[in-house]
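Peer 1: My questions all concern the structure below.
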Amino acid sequence: MATAPDLLPHEADGVYLTDGGLETDLIFLRGIDLPEFASFPLLDDPAMVEVLRDYYRDYLRIGAEAGVGMVLESPTWRASSEWGALLGYDAARLADVNRRAIELLDELRTSDGAEGVVLSGCIGPRGDAYVDLGSMTPDQAAGYHAVQVGVLADAGADLISAMTITNTAEAIGVVRAALDHSIPSVVSFTVETDGRLPDGTPLATAIDEVDEHTDAAAAYFLINCAHPDHFRTVLDTDDAALGRLRGVKANASRMSHAELDESPELDDGDPPEFGQQLADLHVAHPHLNVLGGCCGTDPRHLAAVAASLPGGSAP
C-alpha cells in the first residue's frame, strides 16, 4: 500500500484538484452502459478495469503537471447495500468490490509515483441523489452506511466522501459512521439552482446542523452536482458556517437537476469558462482549495482549472 499523503486538504493551504464526472464520462464519452448509474460493477470486468485506470491516469497527469494535490474518488458511489442488491450484489460481493476499488487507486498512486494524492472512499446517498429529502433518521443513516464506510476505511482510503447528499439527517449519519471507524469524513451537499438543498434548507444552515449533531466531526464540507452560477452568490455571504466549506465539485451544465434528468445528451458546458470560474472561486475564497468536477466534466475541464489558477499554464 502506498504511503498516505502528509496532509489532507483541510490541513493544507495548497490546491487539490479532483477527478471529474466519472459516470457521465463513462456513459456519454466512452459508450459504457451503467445500470442504475453504477460504475462499481466495472471492477469485475478486466477490460473495464483498464478503462478505469485510463480515466484516473488522465487526472493524475493533470495534477502532476500543475504541481498540485489530487483527490481521487473511488468508483463506489452506488456500492451500498440497497443499490448493490438491485445489481445482484450480496454483502460479500459488495465488500469485495469496495475493497478492490481502493486497491486500484492505491496501485495507481504507487505505480505512477504520484505525490500529494488523496484516496477518497466515495459513498452516495441511500436514495435518489436529487430528490430524497430525508427518509432516515441520523441513527438509521449511520447504520445503513456503516458497513461500506468500514470496508473503505479498512482497505486504506484516506478519507470518506459522501457525495450528492440532499439532507442533513443522512449527512449526520455518515459523519457518525466515519467516526466509528476512525476515518476523516467529508460531506458534499447537492444544491439546486438557488444554492439551497433540495428541501429548501440554506447551505449554511445545513452545515451548522450537521456540526451541531456531530460535534463538528466532519473534516470539511463540499458542494457538488451544481454549476458555479447556482451557488456563487451564496459563497459571497458572511455566514461563519460557510468557512467549513473546502471546495466544490461542480457540474459543467447550467441545467437544473430536473432538466439534466430529462436530457438524452451530455451538456459539457464550456471547459475554459468552467476552469476560470473555479479558479476565480478559489481566488475569492482561498479556503476553497478542493476544485473538481461532477456531471458532464472530463479532463478538459480540470485541465482548464489548472491552467486558470494563479501561476497556471495550459498543459
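No lab work stands behind these numbers, since they all come straight from the coordinates. Quantities reported herein were computed from a predicted structural model and do not represent experimental measurements. All Cβ positions, glycine included, derive from the backbone under ideal geometry; neighbour counts span all protein chains shown.
Peer 1: Could you order the peptides 281-290, 244-253, 83-92 from most to least packed, using the average number of other C-beta atoms within 10 Å per residue?
Peer 2: Details: 281-290: 17.5, 244-253: 25.5, 83-92: 14.3.
By packing density, highest mean first, the sequence is 244-253, 281-290, 83-92.
Peer 1: For region 8-15, in order, what is each residue's ³J(HN,Hα) by Karplus, 6.51 cos²θ - 1.76 cosθ + 1.60 with θ = phi - 60°, in whole Hz (x at glycine and Pro)?
Peer 2: Here the 3J(HN,Hα) series is 8, x, 6, 9, 10, 9, x, 7 Hz.
Peer 1: Give the order of Ser161, Ser120 when sorted by the count of other beta carbons within 10 angstrom, beginning with the fewest.
Peer 2: Going from least to most buried by this count: Ser120, Ser161.
Peer 1: Long-range amide H contacts for Val290: which residues qualify at under 5 Å (H placed 1.01 Å from N, peptide plane, sequence gap of 5 or more or a different chain)?
Peer 2: Long-range HN contacts for Val290: Tyr16, Gly247, Val248.
Peer 1: May I pose another question? Could you work out Rg/(2.2 N^0.38 Å) for region 92-188, with Rg from alpha carbons only?
Peer 2: 1.09
Peer 1: Okay, moving on. Return, ordered by residue number, the residues of region 277-292 whose backbone nitrogen is under 17 Å from a label point located 7 Å along Cα→Cβ of Asp13.
Peer 2: Under cut-off, by backbone N: 282-290.
Peer 1: Between Thr137 and Glu265, what length in nm is gained on full extension when 0.36 nm per residue of separation is reduced by their alpha carbon distance?
Peer 2: The span from Thr137 to Glu265 would gain 42.5 nm if fully extended.
Peer 1: Once amide H atoms are built 1.01 Å from N in the peptide plane, which residues 5 or more positions from Val118, or in another chain, come under 5 Å H to H?
Peer 2: Met70, Val71, Leu72
Peer 1: Turning to a different aspect of this structure: Toward the positive end of the charge dipole of the chain, about the Cα centre and with charges on Cβ (Lys, Arg +1; Asp, Glu -1), which of Ala47, Leu245, Leu86 goes farthest?
Peer 2: With unit charges placed on the Cβ atoms, the residue in question is Ala47.
Peer 1: Rounded, prolate or oblate, given the Cα gyration tensor of region 219-315, with a/c below 1.5 counting as rounded?
Peer 2: Details: a/c = 2.14, a/b = 1.18, b/c = 1.82.
Oblate.
Peer 1: Search the structure for amide H atoms under 5 Å from the amide H of Ile123, placed 1.01 Å from N in the peptide plane, and list their residues when 5 or more places away or on another chain.
Peer 2: Close amide H contacts, sequence-distant or interchain: Ser161, Ala162, Met163.
Peer 1: With θ taken as phi - 60° and the coefficients 6.51, -1.76 and 1.60, list the Karplus ³J(HN,Hα) couplings across region 262-268 in order, rounded to whole Hz; mark glycine and proline as x.
Peer 2: Result, rounded to whole Hz: 8, 7, x, 10, 7, 9, 9.
Peer 1: Where does the chain land at 222 nm, in deg cm²/dmol rounded to the nearest 500, when only DSSP H runs of n ≥ 4 count, each adding -39500 (n - 2.57), divided by all residues?
Peer 2: -13000 deg cm²/dmol
Peer 1: For the chain, what mean projected area does the convex hull of the alpha carbons give, in nm²? Mind dumping the intermediate values first?
Peer 2: Values: hull surface 56.0 nm².
The Cα convex hull of the chain, projected and averaged over all directions, gives 14.0 nm².
Peer 1: A follow-up question, please. Pop a pseudo-label 7 angstrom from the Cα along the beta-carbon direction at both Val51 and Glu36 and give the gap in nm to one decimal.
Peer 2: Spacing of the two 7 Å Cα→Cβ label points: 1.8 nm.
Peer 1: Please express the shape of region 1-105 as an equivalent ellipsoid: the semi-axes are the square roots of 5 times the eigenvalues of the C-alpha gyration tensor, given largest first in whole angstrom.
Peer 2: 26, 17, 12
Peer 1: So, with +1 on the Cβ of K and R and -1 on the Cβ of D and E, and no other charges, what is the size of the charge dipole of the chain about its Cα centre, to the nearest 20 debye?
Peer 2: 480 debye
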